[in-house]
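One structure below.
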């Protein structure tokens, strides 16, 4: 079968399409015929060799996939051959024509959801769910600012928050991005290219500020975020690409919480609950993953360049 292989850490161009043996499932494992694979920013950090986790070389990148169960190992009862599934996490890498997964890493993909959409579920939606409900403990009736709402995690957070009864405010940096934010359920869309754009946020909350902020680029926005957070507000850092200087008193006067999170810290029980909720949302149509680009598997390097560009619109997926 064909798979993307990384033989050395470096720029996107270190990824090459190669012939590799098709994986065979052992006990408790599932082989998925991949119809689409999701591209996440942390895929690029791992490939570059700058992430805390460094796989042994050579390796196949990718954590998210969607497809059809091709084979199962002994003891697998959750899915059967022929089932439509999405995966969050793999044993062999998602950028391939087939991926080996633990049974606990695959979840049913409703018929109403395409394979490309299914590949957009795993990390983005699980991250958004954990940030909103496990870390920030967001509740119906509260207000939430999704800072960077047009990307994969941002779209997921917007849909999840709207479905849960929160008032949602999302930011984007292009006209297309702002349009997408509104289409995905945000009550208000703010242009973070404009000076003073957060001033409008304060007027929308009658000067109170927002209860919850989900932050995708903390090194740029964290200090500004603290000034629009409500008393007892919670700010969850989902993404950051560098250091930042803040004014601690802005958090002190609000009794505010600054919360870090990574999906890798979620327990198996956490993930079981998260994905049960996500599958239910996919089934009833409350969650509709938005795919901004479908790129051929052989062009994985182009996808890695694209996922790090500003002005993201939804999810990028690779198609074998």
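What follows is calculated from the coordinates using simple rules that are stated; it is not laboratory data. In this text, all values refer to a predicted model and were calculated from it rather than measured experimentally. Quick reminder, even Gly has a Cβ in these numbers, built from the backbone with ideal geometry, and neighbours come from all protein chains shown.
What to note about this one:
- Sequence-distant contacts, meaning Cα pairs under 8 Å at least 6 residues apart, place the relative contact order of the chain at 19 percent.
- Highest average first, the peptides 112-124, 302-314 ordered by how many other beta carbon atoms sit within 10 Å of their residues are 112-124, 302-314.
- DSSP beta bridge pairing in the chain, given as percent antiparallel to the nearest 5: 55
- Mean-position separation - Cα centroids, region 111-187 and region 16-39, in angstrom: 29
- In terms of its C-alpha gyration tensor, region 218-282 comes out prolate, because a/c is 1.5 or above and the ratio a/b outweighs b/c.
- Dividing the summed -39500 (n - 2.57) terms of all DSSP H runs of n ≥ 4 by the residue count of the chain sets its mean residue ellipticity at 222 nm at -7500 deg cm²/dmol.
- Ranked packing of 3-9, 234-240, most packed first, by mean Cβ within 10 Å: 234-240, 3-9
- Distance histogram in 5 Å bins (all Cα pairs of region 124-264, percent per bin): 2, 11, 23, 26, 23, 12, 3, 0
- Order by protection proxy (mean Cβ within 10 Å, highest first), peptides 275-281, 244-250, 99-105: 99-105, 275-281, 244-250
- Cα-based helix-to-principal-axis angle, 152-163 vs the chain, degrees rounded to 10: 60
- In degrees, nearest ten, helix 268-284 long axis to first principal axis of the chain (Cα): 80
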